[in-house]
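Where a number appears in this text, it was derived from the coordinates with a stated rule and is not lab data. Quick caveat: nothing in here was measured; it's all calculated off a predicted structure. In this analysis, Cβ positions are derived from the backbone assuming ideal geometry, glycine residues included, and neighbour counts consider all displayed protein chains.
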Amino acid sequence: MHLSQQASRVLGSRTTRARNRAEALRSRGVDVVNFAAGELDLLPPEALRHALYEAARGATNRYTETAGLPELRAALADRISSLSEVNRTPGEVMVTTGAKHGLYLACLALLDPGDEVLIPQPGWGTFTAQVRLAGATPVPVETSGSEFVPLPEQLERARTGRTRMVVVNTPNNPTGVVCPPETLARIAAWAVRHRLWILFDESYGELVLPGAVHAHPVALVPEAREVTVTVGSFSKSFAVTGWRVGHVHGPAPVIEAMKNLQSHTTSSASSVAQYAVLPAARGELDTFVADVRSTLRARHALVGAALREIPQVTAVTPQGAFYYFLDFRTVVGGKLGGVPVAGSEALADVLLEQAHIALTPGKAFGADTCLRLSYAIGTDRIAEGLTALKRVISRAE
Ligand code: PLP
């Protein structure tokens, strides 16, 4: 069967693959601890569910404006100004079908075939796939030498005359690392100097642990305003991944181009979901997010304490999102319970079968000795799962 070259440029999301394998085992009656989820285990705040219900009951069944409901864009512009200290008008803001579609539209609006895009690694595989789908070339930039913080020096070494964009994702998926403001400022100044786009993904920007600071490149370096396109989401902080509402802000001509592209792809984000997130955009549910942060803080501490008891695993301590990126380099290449472990996918499979824990293979993020652990699950499950990990990993040969 003939499929397009476009379709053959990408594989399906590998993070989804890990989830599906865990589901398959669970459907056979096995109690699997799922460390593979990329979303909170909570219900959305009651006020959002109520707003969704009210929206569904009302006359909200029609297409919305392509760029999003005017009242949502206005609320977002205010929220961006207060949270990120970047003044934006509603015309510089657009609502998208999740951050994921916002990122894709940004790639389509800003990249041409032959352009190169610097993508810090480990990094979320969707960035690489979307750059390819836009016809451009992803250029991986390794950050393991700087504890997963991308440095302008590393980016500069990878820059060529064809470099058009750098992706900055902080807090980061999969590492949970937050880019320190000083480094972010240096990256922003470097991008301005070389006229590169910064595609800034702050989908986890509200999920930062005490002690770390989530900053915005434009607040740090005002000249970066003309080269920065920012993508954010309600998904992670308000536990509404399935509602599919994200947002983008940037220079008005970029937003206009993205709006045109959106008009031919999704028309707009879902009308009811846009109405439903209005209270969140207006800042009425920030106590929910504060509660999420303290819940995650307790879980983060639990994972950290458990990992200290497992010498075969190392990790850079994360400061945001809900991920730990575990390095099993002493295990990969050997055997576990008699089974050869050639790379992260084999290791994830063995841990699923022998410890009944599901983790996401690091191969999906460009790091094949690592597994991503999501601690967006209850503390009892975290404790059980990590006890099982300790038991099974001690059999490494
Ligand atoms: N950006 C990053 C870094 C992510 O990890 C994810 C989801 O895992 C997204 C964006 C997508 O978020 P949304 O649900 O808003 O599409």
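Of the two radii for the chain, the radius of gyration is 0.96 times the Kirkwood radius, both from the alpha carbons; that is the Rg over Rh value. A cut-off under 11 angstrom between Cβ atoms defines the neighbours of Y275, and their net charge, with Lys, Arg +1 and Asp, Glu -1, is -1. Most tightly packed first, judged by the mean number of other beta-carbon atoms within 10 Å of their residues, the peptides 332-339, 216-223 read 216-223, 332-339. Here is the P(r) of segment 1-116: all C-alpha pair distances, binned every 10 Å from 0, give 9, 22, 29, 28, 11, 0 in whole percents. Quick check on the chain: of the DSSP beta bridges with both residues there, what percent are antiparallel, nearest 5%? Antiparallel bridges make up about 50 percent of those DSSP assigns within the chain. Coupling constants for segment 209-225 follow from the phi torsions by the Karplus curve (6.51 cos²θ - 1.76 cosθ + 1.60, θ = phi - 60°), and in residue order they are 7, x, x, 9, 10, 8, 10, 10, x, 6, 5, 7, 10, x, 5, 6, 3 Hz; glycine and proline get x. Between the helical axis of 46-57 and the longest alpha-carbon principal axis of the chain there is an angle of about 50 degrees. Rounded to two decimals, the Cα-based Rg/Rh of segment 127-282, with Kirkwood Rh, is 0.96.
Checking every one of the GluC sites (Glu not before Pro) in segment 119-199 against DSSP loop status and a limit of 14 other Cβ atoms within 10 Å picks out E147. Close Lys pairs in the chain, defined as Cα atoms under 19 Å apart and 8 or more places apart or on different chains, number 4.
Loop only by DSSP, 10 or fewer other Cβ within 10 Å of the Cβ. Give me the trypsin sites (Lys or Arg not before Pro) in segment 63-128 that pass, ordered by residue number. Walk me through the intermediate numbers first.
Details: sites: R73, R79, R88, K100; in loops: R88.
Listed in order of number, the matching sites amount to none.
Amide H contacts under 5 Å for V139: V117, L118, I119, restricted to partners 5 or more places along the chain or on a different chain, H placed in the peptide plane at 1.01 Å from N.
Other residues within the sphere of radius under 11 Å centred on the Cβ of G250, judged by their own Cβ, net out at -1 (K and R +1, D and E -1).
Within a Cβ distance under 15 Å of P120, other residues only, what is the Lys/Arg minus Asp/Glu net charge?
On the way: positive: R157, R159, R186; negative: E116, E142, E147, E153, E156, D201, E202.
Net of charged neighbours comes to -4.
Using all pairs of distinct alpha-carbon atoms, the Kirkwood hydrodynamic radius of segment 234-288 works out to 12.5 angstrom.
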